[in-house]
Amino acid sequence: MNEIDKSKLPVHVAIIMDGNGRWAKKRGFPRVQGHQKGTETVREVVKASREIGIKWLTLYAFSEENWKRSDLEISALMNLLEKFLRQELKEMTEKGIRLRAIGRLHKLPASTRELLLKTIDETSGGTQMTLTLALSYGGRQEILDALRKVGTMVEKGLLRAEEIEKRHLTASLYEPEMPDPDLLIRTSGEYRISNFLLWEIAYTELYITPTLWPDFSKEEYLKAIAEFQRRERRFGAAE
Ligand code: IPE
Ligand code: IPE
Ligand code: MG
């Protein structure tokens, strides 16, 4: 914690929480047990983020492509999400954490979606940190959904095609208020983005660790932030 410069914190940290299945497999457990253990890491990382002073934390919890998994695994993930929402509501409201969600939420099972929307509503007054869960989320799908909104404006004659600017697309994303991530962490050592926040990560710093998500710790989180603080961000400009 002493290594962290509080004046140079990333405003927005996004995390691809990967490796639950491999964590379970290594121990001869069913995949679901890896997800269960992964939920504990989620709790720790949310708590640590608030303590460090991160203002925006976005977690990739379920991708649009994850619907390809077995019904058993999907329903276990939805149950874990519901359990997480129920258990964390009190903590979130007490600690000023505002919950948000991005993705094609209409595809979630009704019970999960209703609880999610209720939790978003009940935590909407939080001012310390915004926790965004990416659920049934795909970066390409988000860009497509945004394009449709911009297209509707064009159809209605509110905007001409040649007048379309970056800001029109940004304003049509799932959470237009969300700043672009400064730091993107991916656990489990895969060097890929897997359709996460494609529009938003144009100039995000990447931190990839071989640690599997259930083994990720506050210590390693601090290490990632310390490394971020040593990077020189240029955004294409010369020194
Ligand atoms: C990440 O862990 C959690 C989700 C994608 C929901 P995985 O389930 O992808 O774990 P691995 O990649 O198979 O180890
Ligand atoms: C990315 O992990 C999605 C989440 C962490 C929710 P995946 O395990 O689904 O991605 P791939 O298949 O390794 O690219
Ligand atoms: Mg994976």
Report task. For the stretch 29-44, state whether one or more residues are of a type in the set (A, V, I, L, M, F, W, C), away from ligand 3 (no atom under 16 Å from the Cβ) and closer than 27 Å to Thr127 by Cβ. Result -> no
Query raised in the report: Just to be sure, is Ser63 modelled with pLDDT of 95 or more, within 16 Å of ligand 1 (Cβ to nearest atom) and either closer than 20 Å to Phe196 by Cβ or not polar (S, T, N, Q) (or both)?
Result: yes
Query raised in the report: Considering only residues of the stretch 13-66 that are acidic (Asp, Glu) and in contact (Cβ under 8 Å) with a residue 24 or more places away in the chain, which is nearest to Ser136 (Cα to Cα)?
Result: Glu64
Report summary line: Quick count over the stretch 201-238, residues being of a type outside the set (Val, Ile, Thr), on the phi < 0 side of the Ramachandran plot, part of a loop (DSSP other than H, G, I, E, B) and in contact with a Phe, Trp or Tyr (Cβ under 8 Å, 6 or more places away or on another chain), is 3
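Results for (1) buried (at least 16 other Cβ atoms within 10 Å of the Cβ); (2) away from ligand 1 (no atom under 15 Å from the Cβ), shown as yes or no for each residue.
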site	(1), (2)
Ile74	no, no
Asn79	yes, no
Phe84	yes, no
Glu88	yes, yes
Glu91	no, yes
Ile97	yes, yes
Ala110	no, yes
**Report entry** Test for Leu99: is it within 15 Å of the chain's Cα centre (by Cα), within 20 Å of Tyr174 (Cβ to Cβ) and not in a strand (DSSP E or B)
**Finding:** no
Query raised in the report: Are there any pairs, at least 6 apart or on different chains, whose C-beta atoms fall under 6 Å, with the first in the stretch 174-191 and away from ligand 3 (no atom under 14 Å from the Cβ) and the second among the aromatic types (Phe, Trp, Tyr), and if so, which?
Result: Leu183/Phe228; Ile185/Tyr207
Requested in this report: Select from the stretch 1-58 the residues that are touching a strand residue (DSSP E or B) at 6+ places or on another chain (Cβ under 9 Å) and small (Gly, Ala, Ser) and write down the one among them that is nearest to ligand 1 (Cβ to nearest atom).
Outcome: Ala14
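The values are calculated or read from the model by the stated rules, or taken from the named source; none is laboratory data. Only a predicted model underlies this, so the values are computations on that prediction, with no experimental measurement involved. Ideal geometry is used to build each Cβ from the backbone, glycine not excepted, and the neighbour counts take in all protein chains shown.
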